[in-house]
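The values are calculated or read from the model by the stated rules, or taken from the named source; none is laboratory data. Source: prediction; values computed, not measured. Neighbour counts are summed over all protein chains in view; Cβ atoms, including those assigned to glycine, are modelled from backbone coordinates with ideal geometry.
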Amino acid sequence: MIPAAAPTRALDAPSFSTSRFRAEREADWIAFDLLLTKLEKKGAKALTSEELLQLPLLYRATLSSLSIARATSLDKALLDHLEALSIRGYFLVYGVRESRLNRLRRFFLYDWPAAVRSVWKETIIIALIILLGALTSYSLVASNPEWYYNFVGEDMSGGRDPRATTEFLRSTLGHGKAASGGESGLHVFATYLFTHNSQVSIMSFALGFAFGVPTMMLEYYQGIGLGAMMAVFAGKGLGFDFGGWLFIHGTTELFAAALSGAAGLRIGAAVVFPGARSRLQAASEAGRTAGKVMIGVILMLLAAGLLEGFGRQLITDTMLRYGIGSLMLLFWIAYYYIPRREDVT
Amino acid sequence: MSAAAAQANAKSRSARAKKIRQFVTPEGVDLELRIASSGLRFGALLVDLILIVLALVLFSLVMLWVGFASQSDITMVVWMLGAFLLRTFWFIGFELGSRAATPGKRLMGIRVVARNGGRLTADAVVARNLIRELELFLPLMMLSVGAAEDMVSGWTMLAGVLWSLTLSLFLLFNRDRMRMGDLIAGTWVVMAQRVKLDADIAIGTAGDAMIFSEAELAVYGIFELQELERVLRGNDPRAMREVADAIRAKIGRPVAEEDDVFLLSYYRQLKSRLERKLLFGKRREDKYASD
């Protein structure tokens, strides 16, 4: 392609030889190598338009050289180099077709809601499982408070158990004098909650491939803790207040928990019931959808952590808490489930 | 003995072929991607973990220093968030780049590729790396929970650890060396090392000093040719002496010239002979194959 290289080296080889082949094409490979290095280091923007036009030409020249070399040459170093160069070139030339900003935009506008929408069945199942867990423990604790100690560990409850006084329980909800922690520790608390919850969600997603069973167990367990707590507060006549305390961040957090479970369940279901596809293909398709959902879940948990750490501690009015919680729930539902134009195409 | 050696040669060739996966580009060329071995994968993981821990320690020290200086607990928040981001997004961030490899993978010369030959998408990278959380930490969790709380017997703990290890070591049990995460994300990890273009040793002035007869050249095949090329490029006098002596003994030539001159001439004439045969569709894999 660039004939200028040939005459520089006088060859006493026969009219076709692999040495001649190499001497004639070597300049292209070197140019391609340099271009790829520049592309890798500085990105596509650093290339001039002339270099951009050269890129596919040099790529094809290299691939064609590889084909010829494989058929004619026994020079191992040459073959290895051409192979490595072609692989590198292929992934760069065919790799990224979109700018990062564009990808981000598309993710928030279309991909994230679409992924969440597509796991709606699993989301309902997981939500029912959480509800079932909550109802189980609620009814058990309500009938016999001793059950509470089986469900909620000592370190989790922090004194919020059936023996506690109404006054103490009220104080843990942020009413009364001893609002928990004071204001200075809020952001630390919020961050801790966020990282902890994210870790749990990732686990519940990752466990999904074991046919979704551990995922469902984990979500059921989450519901159990919730219901037991609820029963204690309701027993002391604080049910409504506790609801508000929970609702302000709980709508976001539980929604995220349900989605992470749904993502895990989607993978488990794809492995068990692959349908017409092969099991591997079904798993990888489910995995990609679930991956998108999981980015969303981590972002939702960040929001929930902020609401829990700041919103809940600063806003003590129960009605306002309910208001914010419902608003968040409405926002998420609208964002995910209102169909948009991209769906049709 | 030669039959055993021939068998061993054929075996190693087929083992290499088993690692190769067809990967046809739109231009119709098979790139013949090679699956990265489990050793390389483990090495890459180890390097990445060491780097993460180093970064974490450095970050903690800086945050500690800033925290003492400013007397505010906002540094605590930054530290917790930073540690979380580092742990979760180290792999995702690097694999989303144009080289689709973490520093550890780059060092080992491997990269992540979409199994269907398409573009490696962000959701696949996220899925394969969130599963890693499970693969890495489940065995550790089983161990620590069992040991700390003392609520399970040794045997139960062992069973738990073994169960979680089968998940973590999943890549040892399949041909494609896929992790659990690769399986779910539809990816695999292949060799992508860089190979420098070495000089062409088949041209130049010295090299036609000796002329070998057809019978003298007919004793070796492609495998031996490429081994000879390796020795010549290595340029180690002791190895060259050994190889030159072996060839001389085989073809019955006395020690008359310098080893490198002898080897180079022999290499060139053998290469051109085998390449000529290759053009006519005859590929002689090694010296045991018929000429």
Checklist entry - Which residue, of A:ALA256, A:ALA270, A:ALA231, is in a helix (DSSP H, G or I) and under 21 Å from A:TYR138 (Cα atoms)? => result A:ALA231
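Looking at B:LEU232, B:LEU278, B:LEU264 in this structure, which one is surrounded by 13 or more Cβ atoms within 10 Å (Cβ to Cβ), of a type outside the set (Lys, Arg), in contact with a Phe, Trp or Tyr (Cβ under 8 Å, 6 or more places away or on another chain) and modelled with pLDDT of 85 or more? Please lay out each step first, then the result.
On the way: B:LEU278 fails: in contact with a Phe, Trp or Tyr (Cβ under 8 Å, 6 or more places away or on another chain); B:LEU264 fails: in contact with a Phe, Trp or Tyr (Cβ under 8 Å, 6 or more places away or on another chain).
After ruling out the rest, the residue left standing is B:LEU232.
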Checklist entry - So, in segment A:272-324, of the ones that are of a type in the set (D, E, K, R) and surrounded by fewer than 16 Cβ atoms within 10 Å (Cβ to Cβ), which residue ends up nearest to A:GLY212 (Cα to Cα)? => result A:ARG279
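May I ask you to say which residue of B:LEU64, B:LEU56 is surrounded by 14 or more Cβ atoms within 10 Å (Cβ to Cβ) and part of a helix (DSSP H, G or I)? It would help to see each step written out before you state the result.
On the way: B:LEU64 fails: surrounded by 14 or more Cβ atoms within 10 Å (Cβ to Cβ).
It is B:LEU56.
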Next on the checklist: Looking for something modelled with pLDDT of 80 or more, under 28 Å from B:ASP30 (Cβ atoms) and at the interface with another protein chain (Cβ under 8 Å from one of its Cβ atoms) - is there at least one such residue anywhere in segment B:169-180?
Outcome noted: no
Checklist entry - Among the listed residues A:GLN281, A:GLN222, which satisfies the condition of being touching a residue at least 24 places away in the same chain (Cβ under 8 Å) and either closer than 30 Å to A:MET319 by Cα or not basic (Lys, Arg) (or both)? => result A:GLN222
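Quick grid of which residues meet (1) under 21 Å from the mean Cα position of the chain (by Cα); (2) aliphatic (A, V, I, L, M):
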| residue | (1), (2) |
| --- | --- |
| B:ARG87 | no, no |
| B:GLY93 | no, no |
| B:LEU96 | yes, yes |
| B:VAL113 | yes, yes |
| B:ARG119 | no, no |
| B:ALA122 | no, yes |
| B:ILE131 | no, yes |
| B:GLU135 | no, no |
Checklist entry - Is it true that A:ILE315 is at pLDDT 90 or above and more than 14 Å from every other protein chain (Cβ to nearest Cβ)? => result no
Checklist entry - Which is surrounded by 13 or more Cβ atoms within 10 Å (Cβ to Cβ), farther than 30 Å from A:ARG340 by Cα and at pLDDT 80 or above, of A:ALA134, A:ALA114, A:ALA164? => result A:ALA134
Next on the checklist: Is it the case, given these coordinates, that A:THR123 is within 11 Å of chain B (Cβ to nearest Cβ), outside any loop (DSSP other than H, G, I, E, B) and crowded, with 19+ Cβ neighbours inside 10 Å?
Outcome noted: no
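Are any of the residues in segment B:65-88 under 19 Å from B:ILE35 (Cα atoms) and either in contact (Cβ under 8 Å) with a residue 60 or more places away in the chain or within 9 Å of another protein chain (Cβ to nearest Cβ) (or both)? Before you say what the answer is, go through the steps one by one.
Of all residues in segment B:65-88, those under 19 Å from B:ILE35 (Cα atoms) come to none.
Looking for residues that are under 19 Å from B:ILE35 (Cα atoms) and either in contact (Cβ under 8 Å) with a residue 60 or more places away in the chain or within 9 Å of another protein chain (Cβ to nearest Cβ) (or both), one finds none in segment B:65-88, hence no.
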